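The structure appears below as structure tokens.
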Amino acid sequence: MSHDVPSVSLIAAFAGQFARHAKALINSPADVANPLLFFFMVVTLFPLGLGPDPERLSSMAPGILWVVALLASLMVSGKLFASDFEDGSLEQLMLSPYPLAILALAEVAAHWFATGALLALIAPVFGVMLGLPSEGLLVLTLSLLLGSVCLTLIGALGSALTVSIRRGGLLLSLLIIPLNVPVLIFGTTAVYEAVVGGNWVSWLALLGGLALGSLALLPIAIGAALRVSVDT
Amino acid sequence: MPLLTAHDVGIERGDRRLLTGVSLSINSGELWQLVGANGVGKTSLLRALSGLARLGVSGEVQRHGSLLYLGHASALKLSLTASENLRYHPACDVEACAEQIAAALAEVSLSGLEDRPVGTLSAGQKRRVALARLMLSPASLWLLDEPFTALDAAGCEWLERRMREHIAANGAAVFTSHQPSRFGALQRDLDLKHHVA
Amino acid sequence: MWTIIHKMGSPPWFFRFSGALVRWLLPLTIALLCVGAFWGLLIAPPDFRQGNSYRIIYIHVPAAVVALAGYYVMAFAGAVSLIWRIKMADVTMRAAAPVGAALTAIALFTGAIWGKPTWGAWWVWDARITSMLLLFFLYLGVVALFEAYENKTAAARACAVLSLIGTVNIPIIYKSVDWWYSLHQPASIKFMGESAIDSSMLYPLLLMIAAFYCLFVVAVLLNMRAEVLWRHRESGWIQQLVERA
């Protein structure tokens, strides 16, 4: 509140919150490994379901990889604020003299490094497994890096809105899947264009624009949603 | 000087009205205990005073000064160590160096356990980690929800001493407890049974 | 302006005002619907390519247009509720969501019926239908989120945040789906392009759109009146209403 004179700078507070969640993630490697494992398992299902024809798989690879990345982000975002809600960290975060949006962003950033960014870096391996032509591999990583910023922020909003609701898991998917559609379209199209030698740069630019817009707007919405969730 | 004033505060939960007409002014050097049976709304009132609860809260709460709130949940990450939990506390109101944190943990008799993950500590020890914030925070007003829970006799004695120090240093505190008065003439009681809606 | 907002916020005033409004608007809606439907379904000439099957646009297009507008109404009410903490705005949002979802469902359903003679399939991943489907999900999300919260004030806050983000996202969704469609489909399939519509077909369509707007307002008002009655069932002014009736 306005009366408080913070004894820590905003940057230090952001860094502190980032460190808190980064360390918590490092100490529980299963939480980091699970989405990657999920990605791996689901990618395996597609050749089994669609048949092993390399041509067909390679033409579908951009879509498959992006949809699975979206599902993986959906799976982890439900947990984003869950433990903070249960252990009372969210209450303390509300009472902090700093803007909630900024502190929540620190937590989302740590989460993004451990899930979205990591997944983007590993995705080319799965791309190779599905026969994605090598021209698409770099763009796949770049598009996932930018796109997962949006996916993580939208997932964080969904988590913030549903964290106080028992059995909020299915509800979370309903809330965030429609919001994720533009990210999916821009991301798959960028990879697809890179494979056919088209203009993938403009699609990446669109994704970058979405990421910036999400970074500007969504933390405020996440903060507002967290306040509601703590106050029920 | 009042650190917190509440005027005609009423609390509703869902469709049910819990409390009405709570007015109080908490000055520095004062110690208040919220008294009342289970479910009467002690925690709800404390949350309303802290500003955490706004929905369903009528009336006015004004705060002049920094606040430390300790709820039922102690805001500890189980996979972090005791000192990490204090260093990266989500309230972000303390910038403590390693020595200060070690001293605070020693004060709550947790020396030697600083670098153990909090998940491996007992319930009483976890509570002590949360209470170590009372040594670090510069806040003048403390709102403590059942601070004596899970503490052993020595822990209760320490907490009582720490609260007396804080009051003596011109701080103020509001706490809830089922146990009868610990602080004798020093404390004022706010009995919520007079405010039940 | 302020006095109006505050008056709108008072449930007894709203109840009287909306009662009067519905008494006027309901006959008007029915009249518009009858005239528009009669004109569109019987008098307007058949389309030279689609014959008579095109006539379903007199239901499909108004439902789709008003469904989209309804989302903005809902989000606007959400913003009012967040900024000015006016309870009637909560009620408006709560009332608009299921009506909008129903209109979206009608648009989807009529779109499918229209698709059968036009494309030979009940469902085609056409840009407009896909966007409509996503709008349907957005509505369902708001309705489900509202139901999931026990505390209805909190529910309204949460839904307001969600619908505001949805509002920002809708143009992006529509645009991206448009691009997605034009990338994946050869242009020749899009024969329902921006072809000019003859005025003999347009006037009944505009009439039907007006009728659907009125229908939306009436449905939302009735919904709101039911909610206000329920919320204030114990209060004096409702007891008086009941005694007088």
**OP:** Spot the failing condition for A:Gly127; the list is (1) within 14 Å of chain B (Cβ to nearest Cβ); (2) crowded, with 20+ Cβ neighbours inside 10 Å; (3) small (Gly, Ala, Ser), and only one is missed.
**Re:** (1)
**OP:** Scan B:Arg188, B:Arg182 and give me the residue that is assigned to a strand (DSSP E or B) and either more than 19 Å from B:Asp93 (Cβ to Cβ) or of a type in the set (Val, Ile, Thr) (or both).
**Re:** B:Arg188
Original post:
Could you count how many residues in segment B:46-63 are among the hydrophobic types (A, V, I, L, M, F, W, C) and either within 14 Å of chain C (Cβ to nearest Cβ) or under 22 Å from B:Arg182 (Cα atoms) (or both)?
Top reply: 5
Original post:
Taking segment B:19-38, which residues are surrounded by fewer than 19 Cβ atoms within 10 Å (Cβ to Cβ) and over 16 Å from B:Gln187 (Cβ atoms)?
Top reply: B:Thr20, B:Gly21, B:Ser23, B:Ala37, B:Asn38
**OP:** Could you figure out which of (1) touching a Leu at 6+ places or on another chain (Cβ under 7 Å); (2) crowded, with 24+ Cβ neighbours inside 10 Å isn't true of A:Ser89?
**Re:** (1)
**OP:** Check A:Ala205, A:Ala190, A:Ala216 and return the single one that is out of contact with any Gly (no Cβ under 9 Å at 6 or more places or on another chain), hydrophobic (A, V, I, L, M, F, W, C), over 30 Å from A:Ser83 (Cα atoms) and more than 9 Å from chain C (Cβ to nearest Cβ).
**Re:** A:Ala205
**OP:** For segment A:71-82, name all the residues that are among the small types (Gly, Ala, Ser), under 13 Å from A:Leu157 (Cβ atoms) and crowded, with 23+ Cβ neighbours inside 10 Å.
**Re:** A:Ser73, A:Ser77
**OP:** Among what's in segment B:82-138 and is among the polar types (S, T, N, Q) and in a loop (DSSP other than H, G, I, E, B), pick the residue that is modelled with the highest pLDDT.
**Re:** B:Ser122
Original post:
Got at least one residue in segment B:139-147 being part of a loop (DSSP other than H, G, I, E, B), surrounded by fewer than 18 Cβ atoms within 10 Å (Cβ to Cβ), out of contact with any Asp or Glu (no Cβ under 6 Å at 6 or more places or on another chain) and hydroxyl-bearing (Ser, Thr, Tyr)?
Top reply: no
Original post:
Out of segment B:1-18, which residues are crowded, with 18+ Cβ neighbours inside 10 Å and under 30 Å from B:Pro138 (Cβ atoms)?
Top reply: B:Leu3, B:Leu4, B:Ala6, B:Val9, B:Ile11
Subject >> Flag if B:Leu151 is in a helix (DSSP H, G or I) and among the hydrophobic types (A, V, I, L, M, F, W, C) >> reply: no
**OP:** Output yes when any residue across segment A:63-77 is of a type outside the set (A, V, I, L, M), more than 11 Å from chain B (Cβ to nearest Cβ) and closer than 29 Å to B:Gly51 by Cβ, and no when none is.
**Re:** yes
Subject >> Out of A:Leu100, A:Leu57, A:Leu80, sole residue that is touching a helix residue (DSSP H, G or I) at 6+ places or on another chain (Cβ under 8 Å), farther than 30 Å from A:Val191 by Cα and more than 10 Å from chain B (Cβ to nearest Cβ) >> reply: A:Leu100
**OP:** Among the numbered conditions (1) in a helix (DSSP H, G or I); (2) within 14 Å of chain C (Cβ to nearest Cβ), tell me where A:Arg167 comes up short.
**Re:** (1)
Original post:
Which numbered condition trips up B:Ala53, out of (1) free of Cβ contacts under 8 Å to residues at least 24 places away in the same chain; (2) farther than 21 Å from B:Ser140 by Cβ; (3) among the small types (Gly, Ala, Ser)?
Top reply: (1)
Original post:
What is the residue count in segment B:39-78 for residues that are in contact with a Gly (Cβ under 9 Å, 6 or more places away or on another chain), crowded, with 18+ Cβ neighbours inside 10 Å and part of a loop (DSSP other than H, G, I, E, B)?
Top reply: 7
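For (1) farther than 28 Å from C:Leu135 by Cα; (2) touching a helix residue (DSSP H, G or I) at 6+ places or on another chain (Cβ under 6 Å); (3) assigned to a helix (DSSP H, G or I), each residue gets a yes or a no:
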site: C:Phe17; (1), (2), (3): yes, no, yes
site: C:Leu26; (1), (2), (3): no, yes, yes
site: C:Ala37; (1), (2), (3): no, no, yes
site: C:Ala77; (1), (2), (3): no, yes, yes
Original post:
Looking at (1) modelled with pLDDT of 95 or more; (2) within 21 Å of A:Val68 (Cα to Cα), which is the one condition that is false for A:Ser173?
Top reply: (1)
Subject >> A:Val68, sole failed condition from (1) closer than 26 Å to A:Phe186 by Cβ; (2) crowded, with 23+ Cβ neighbours inside 10 Å >> reply: (2)
**OP:** Considering every residue within segment B:35-45, establish whether at least one is among the charged types (D, E, K, R) and either within 11 Å of another protein chain (Cβ to nearest Cβ) or over 27 Å from A:Ser83 (Cβ atoms) (or both).
**Re:** no
Original post:
Condition test on B:Ser83, is it buried (at least 17 other Cβ atoms within 10 Å of the Cβ) and either closer than 26 Å to B:Asp189 by Cβ or within 14 Å of another protein chain (Cβ to nearest Cβ) (or both)?
Top reply: yes
**OP:** Sort out which residues of segment C:199-245 are among the acidic types (Asp, Glu) and either touching a strand residue (DSSP E or B) at 6+ places or on another chain (Cβ under 8 Å) or surrounded by fewer than 12 Cβ atoms within 10 Å (Cβ to Cβ) (or both), and write them in order of number.
**Re:** C:Glu234, C:Glu243
Original post:
Pick from B:Ala102, B:Ala150, B:Ala154: which is out of contact with any strand residue (DSSP E or B) (no Cβ under 8 Å at 6 or more places or on another chain), closer than 24 Å to A:Ala24 by Cα and not hydroxyl-bearing (Ser, Thr, Tyr)?
Top reply: B:Ala102
**OP:** May I ask you to list pairs of residues, at least six apart or on different chains, whose Cβ atoms are under 6 Å apart, with the first in segment B:97-111 being over 15 Å from B:Asn85 (Cα atoms) and the second being at pLDDT below 90?
**Re:** none
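The values are calculated or read from the model by the stated rules, or taken from the named source; none is laboratory data. Quick caveat: nothing in here was measured; it's all calculated off a predicted structure. So basically every Cβ, Gly included, is an ideal-geometry build from the backbone, and we count neighbours across all protein chains shown.
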